[in-house]
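J.: Would you mind keeping the following structure in view while I ask a few things?
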């Protein structure tokens, strides 16, 4: 069965690029443009194996999404990506992130290796 990845980013070009990379490796990809939209997908019962989220997004940012998501699910890996934000790595990890990466992501292959494990 294919693994399911949720990509949350308000930058549509970047989101599409990340989605394409996962799809080429035969993952099922679900997209959301902000944390609110992502929480709606999850509330609908969608099973997810990995989440990649940006921090700085409108409506509901990645940190607020993460805090709310972690109330429901403590085990799904969440990779937080940012091009620069007001939060420190320690704050992001404390909010429940599994990994904190800075954009551009230099080693997206490491994400794929984590999924294969």
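J.: What is the residue count in region 91-106 for residues that are in contact with a strand residue (DSSP E or B) (Cβ under 7 Å, 6 or more places away or on another chain) and either within 19 Å of residue 21 (Cβ to Cβ) or not in a strand (DSSP E or B) (or both)?
T.: 10
One line per residue, one yes/no per condition, for (1) touching a helix residue (DSSP H, G or I) at 6+ places or on another chain (Cβ under 9 Å); (2) surrounded by 18 or more Cβ atoms within 10 Å (Cβ to Cβ); (3) at positive phi; (4) at pLDDT below 90:
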| residue | (1), (2), (3), (4) |
| --- | --- |
| 9 | yes, yes, no, no |
| 18 | yes, yes, no, yes |
| 40 | no, no, no, no |
| 43 | yes, no, no, no |
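J.: What number goes with the only condition from (1) at pLDDT below 80; (2) part of a loop (DSSP other than H, G, I, E, B); (3) loosely packed, with under 13 Cβ neighbours inside 10 Å that residue 109 does not pass?
T.: Result: residue 109 fails condition (2) only.
J.: Let me ask something else about it. With in contact with a strand residue (DSSP E or B) (Cβ under 6 Å, 6 or more places away or on another chain), free of Cβ contacts under 8 Å to residues at least 60 places away in the same chain and surrounded by fewer than 17 Cβ atoms within 10 Å (Cβ to Cβ) as the only criterion, which of 13, 23 stands out?
T.: Exactly one of 13, 23 is in contact with a strand residue (DSSP E or B) (Cβ under 6 Å, 6 or more places away or on another chain), free of Cβ contacts under 8 Å to residues at least 60 places away in the same chain and surrounded by fewer than 17 Cβ atoms within 10 Å (Cβ to Cβ), namely 23.
J.: Need the failing condition index for residue 10 against (1) in a helix (DSSP H, G or I); (2) within 21 Å of residue 100 (Cβ to Cβ), just the number.
T.: Residue 10 satisfies every listed condition except (1).
J.: While we're here: Which is under 19 Å from residue 75 (Cβ atoms), surrounded by fewer than 19 Cβ atoms within 10 Å (Cβ to Cβ) and touching a helix residue (DSSP H, G or I) at 6+ places or on another chain (Cβ under 9 Å), of 3, 47? Talk me through it step by step, then tell me what you get.
T.: Working: 47 fails: touching a helix residue (DSSP H, G or I) at 6+ places or on another chain (Cβ under 9 Å).
3 is the lone residue from the list that is under 19 Å from residue 75 (Cβ atoms), surrounded by fewer than 19 Cβ atoms within 10 Å (Cβ to Cβ) and touching a helix residue (DSSP H, G or I) at 6+ places or on another chain (Cβ under 9 Å).
J.: In region 72-90, which residues are assigned to a helix (DSSP H, G or I) and at pLDDT 85 or above?
T.: Answer for region 72-90, where residues must be assigned to a helix (DSSP H, G or I) and at pLDDT 85 or above: just 72.
J.: Restrict the check to region 54-68 and report whether at least one residue is within 27 Å of residue 2 (Cα to Cα), outside any helix (DSSP H, G or I) and out of contact with any strand residue (DSSP E or B) (no Cβ under 7 Å at 6 or more places or on another chain).
T.: no
The values are calculated or read from the model by the stated rules, or taken from the named source; none is laboratory data. Not measured: the values here are computed from a predicted model. Note that each Cβ is placed from the backbone with ideal geometry, even for glycine, and that neighbours are counted across all protein chains shown.
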